[in-house]
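**Q** Dumping the structure here so I can ask a few things about it.
Every read-out reported here was derived from the displayed coordinates using simple, explicitly stated rules and does not represent laboratory data. Since the structure is predicted, the reported quantities are computational estimates derived from the model, not experimental observations. Cβ coordinates were reconstructed from backbone atoms using ideal geometry, including for glycine residues, and neighbour counts include every protein chain displayed.
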Amino acid sequence: METAVTRMVAERPVVIFSRSSCSMSHAIKALICSFGANPTVYELDEIPNGRQIERELVQLGCQPIVPAVFIGQQLVGGAKQVMSLQVTNQLSHLLIRAGAIWI
């Protein structure tokens, strides 16, 4: 079943659902950009259907709701999961596999 979230992450290597005032979202965006990736970022507090997207993210299991990171159209998770991938040196491999970075 296609949802707003699946449409928003389709054909994009990295998508981050965020809130403009969330410090953890800012940290995760900075981390992913530090690899040279250019994520598509949706600030849920700044887009018209932000509340609907939040409900969909909760249904997908995102707790807390933001940041919610998708790499290669797959939900990676929030800040804790992304940091775990970084610590275990797996984040760069996921970004490469998704076509977000080349080296």
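**Q** How many residues are in contact (Cβ under 8 Å) with a residue 12 or more places away in the chain and either over 17 Å from PRO13 (Cα atoms) or of a type in the set (Asp, Glu) (or both) if we restrict to the range 87-101? It would help to see each step written out before you state the result.
**A** First, the residues of the range 87-101 that are in contact (Cβ under 8 Å) with a residue 12 or more places away in the chain: 91-92, 94-95, 97-101.
Subsequent filtering for residues that are either over 17 Å from PRO13 (Cα atoms) or of a type in the set (Asp, Glu) (or both) retains none.
Within the range 87-101, residues that are in contact (Cβ under 8 Å) with a residue 12 or more places away in the chain and either over 17 Å from PRO13 (Cα atoms) or of a type in the set (Asp, Glu) (or both) number 0.
**Q** Inside the range 32-54, can you point out the residues that are outside any loop (DSSP other than H, G, I, E, B), free of Cβ contacts under 8 Å to residues at least 60 places away in the same chain and surrounded by 13 or more Cβ atoms within 10 Å (Cβ to Cβ)? If you could, list the steps in order and put the result at the bottom.
**A** Step one: list which residues in the range 32-54 are outside any loop (DSSP other than H, G, I, E, B), which gives 32-34, 40-43, 50-54.
Within this subset, residues satisfying the condition of being free of Cβ contacts under 8 Å to residues at least 60 places away in the same chain are 33-34, 40-43, 50-54.
The answer is CYS33, THR40, VAL41, TYR42, GLU43, GLY50, GLN52, ILE53, GLU54.
**Q** With the requirement that a residue be in a helix (DSSP H, G or I) and either of a type outside the set (A, V, I, L, M, F, W, C) or in contact with an Asp or Glu (Cβ under 7 Å, 6 or more places away or on another chain) (or both), what does the range 59-103 give you? It would help to see each step written out before you state the result.
**A** In the first step, residues of the range 59-103 are kept if they are in a helix (DSSP H, G or I); the result is 59, 79-87, 91-98.
Matches in the range 59-103: GLN59, LYS80, GLN81, SER84, GLN86, SER92, HIS93, ARG97.
**Q** Could I ask something else about it? Test of understanding: among LYS80, LYS29, which residue is basic (Lys, Arg) and in contact (Cβ under 8 Å) with a residue 24 or more places away in the chain?
**A** Working: LYS80 fails: in contact (Cβ under 8 Å) with a residue 24 or more places away in the chain.
The match here is LYS29.
**Q** So GLY72 ticks every box in (1) surrounded by 19 or more Cβ atoms within 10 Å (Cβ to Cβ); (2) within 11 Å of the chain's Cα centre (by Cα) but one. Which box is left unticked?
**A** The failed condition is (1).
**Q** Out of curiosity, is PRO39 under 20 Å from SER92 (Cβ atoms) and out of contact with any Leu (no Cβ under 9 Å at 6 or more places or on another chain)?
**A** yes
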